[in-house]
Amino acid sequence: KVSGLDNCARMRVDVECGSCSSGTCGGGGKNLCGEEYVLISPGSYLQGSPGDELGRDPDEGPVHTVSITRPFWVARTEVTNSQWSQQFPTAPSLFSTCGNECPVDSVNWYEAVSYLNQLSIAQGLPPCYNLSGCNQQVPGRNLICTNASFNGLACTGYRLPTEGEWEYIARAGSETALPSGPLTNFSCSNPDPSLDSIAWFCGNAAVTYQPCWDSSMEITGSSTCAGTHPVASKSPNDFGLHDMIGNLWEWTN
């Protein structure tokens, strides 16, 4: 028995977490839609990238301490095409033929928060975002709004993680470029082996379906067709979260 969510998305402490390896469960439960969540505890970590870290961008420093002061729930995986279609009739994904369990892609920020608002409404929770001046009503077709506001971290509906929360859960207690250690090779054609077990990236994301992304510019001499892959098909990090590195870029609040 571990803490989790009941069918009304309220916290409870007697949710069965199912089969667990090594006799322990990392916390979490399922909501009405069957999406699995992990309860993240507060804590402090070093945000940002050291100046000598391989693969860093200039705006990823300086390293500084960030404190997460409240617990929060986060989905174990990226939002799938199947989960998106439960809320909206559109099929926005470029990699649509990847399948229902692949992450929804080609969704902009306004569409991401529209999905979260719809999920909140479907479960009787208050929407966390206010959007107005939108060019259309159906997310997934390049929805753009002139005004957007957030109702704050006290909102009990669904929201995106803050940038600080996202890096906290992506690092999962580590202080290195990867949760499993430092990045030793920044290459697509000769990829770092430590990435293969945890991430879909240019070095291993070849697919046979169409449409796809031509990765020949990244892998010299290759005509590799790359794309997304089903969520949770790579190992999770120490917080039990999948695809925090690789598969798709992710939106923050």
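The values are calculated or read from the model by the stated rules, or taken from the named source; none is laboratory data. Please read these numbers as outputs of a predicted model, since none were measured by experiment. Glycine gets a Cβ as well: all are built from the backbone with ideal geometry, and neighbour counts include every protein chain shown. Just so you know, the surface numbers come from the protein's heavy atoms only, side chains and all, with ligands and any DNA or RNA stripped out. Shrake-Rupley method; radii C 1.70, N 1.55, O 1.52, S 1.80 Å.
Here are the numbers:
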{"read-out": "Residue within the range 138-158 that is over 20 Å from the mean Cα position of the chain (by Cα) and in a helix (DSSP H, G or I) present", "value": "no"}
{"read-out": "Breaking point among (1) surrounded by fewer than 17 Cβ atoms within 10 Å (Cβ to Cβ); (2) closer than 19 Å to Ser114 by Cα, for Gly164", "value": "(2)"}
{"read-out": "Selected residue (criterion: most open to solvent (accessible area, probe 1.4 Å)) from residues of the range 185-212 that are in a loop (DSSP other than H, G, I, E, B) and small (Gly, Ala, Ser)", "value": "Ser189"}
{"read-out": "Residue that is modelled with the lowest pLDDT, among those in the range 33-69 that are among the acidic types (Asp, Glu) and open to solvent by 40 Å² or more (accessible area, probe 1.4 Å)", "value": "Glu36"}
{"read-out": "Residue match in the range 119-129 (condition: assigned to a helix (DSSP H, G or I), open to solvent by 70 Å² or more (accessible area, probe 1.4 Å) and free of Cβ contacts under 8 Å to residues at least 60 places away in the same chain)", "value": "yes"}
{"read-out": "Residues of the range 214-253 classified as part of a strand (DSSP E or B) and at pLDDT below 85, total", "value": "1"}
{"read-out": "Selected residue (criterion: farthest from Ser120 (Cα to Cα)) from residues of the range 71-100 that are of a type in the set (A, V, I, L, M, F, W, C) and part of a helix (DSSP H, G or I)", "value": "Cys98"}
{"read-out": "Meets criteria (touching a residue at least 12 places away in the same chain (Cβ under 8 Å), farther than 24 Å from Ser233 by Cβ and in contact with a Lys or Arg (Cβ under 7 Å, 6 or more places away or on another chain)) for Thr90", "value": "yes"}
{"read-out": "Subset of the range 101-110 [in a helix (DSSP H, G or I) and closer than 18 Å to Trp166 by Cβ]", "value": "Trp109"}
{"read-out": "Residue in the range 162-175 that is free of Cβ contacts under 8 Å to residues at least 24 places away in the same chain, out of contact with any Phe, Trp or Tyr (no Cβ under 8 Å at 6 or more places or on another chain) and not in a strand (DSSP E or B) present", "value": "no"}
{"read-out": "Cβ pairs under 6 Å, 6+ apart, first in the range 96-107 and farther than 18 Å from Ala199 by Cβ, second open to solvent by less than 20 Å² (accessible area, probe 1.4 Å) and outside any loop (DSSP other than H, G, I, E, B)", "value": "Val104/Trp84"}
